[in-house]
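Asks: Starting off with a structure, shown below.
Laboratory data are not the source of any read-out in this text; all were calculated from the coordinates shown. Here the structure is a predicted model, which is why all the values come from computation and not from measurement. Every residue, glycine as well, gets a Cβ built from its backbone with ideal geometry; the counts of neighbours run over all protein chains shown.
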């Protein structure tokens, strides 16, 4: 995604993305980008440092933390050391100097996508390890039942019975609590009535 009021940025990046077969969603303001930032699965956001309705820091804030966060690349004609340091410290992936150099844009975008791919692979590997550990724990608990279809069926049935038993237990606790409250209220009414 590109967020920039500069038509030159749109022209350069549209042509580059078209040549590479990449998809680009382009907009000129933070307001118009906000919906796309929440709904879209953009992997990289390229934003002008200063926008008419905010700046690159507001772009970082607008990204939904519940979703996989896209990497943010800040572009600016005034890319001094202060901007580089601040951007990297606040969570931007990189800073590009304008006018945009196509080779540098390709290098930074490729690097960003490789980083995301590695992070996804790490996440997948971690989930696989956790699932394997969970399976080994279940197998240790239930023996070779997990390796036989009838064993798995029996475990599913046992889980169903456990869920039903848990539901009935909760209902009993609620009924008992209501009984105690009702009796306490009746006792308090009797005590109050005896005082008159």
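Asks: When the chain is fully extended, how far beyond the present Cα-Cα distance does residue 173 get from residue 61, taking 0.36 nm per residue of separation?
Replies: 35.8 nm
Asks: Using 0.36 nm per residue of separation minus the Cα-Cα distance, give me the extension gain between residue 20 and residue 97 in nm, one decimal.
Replies: 25.6 nm is the gain from fully extending residue 20 to residue 97.
Asks: Out of the DSSP beta bridges found with both residues in the stretch 2-119, what percent are antiparallel (nearest 5)?
Replies: 15
Asks: Let's test the formula: R0 of 41 Å, r as the Cβ-Cβ distance of residue 80 and residue 129. What FRET efficiency results, to the nearest 0.05?
Replies: In this case the efficiency is close to 0.40.
Asks: Using the basic label-point model (7 angstrom from Cα toward the beta carbon), what is the residue 36 to residue 162 distance in nanometres?
Replies: 4.8
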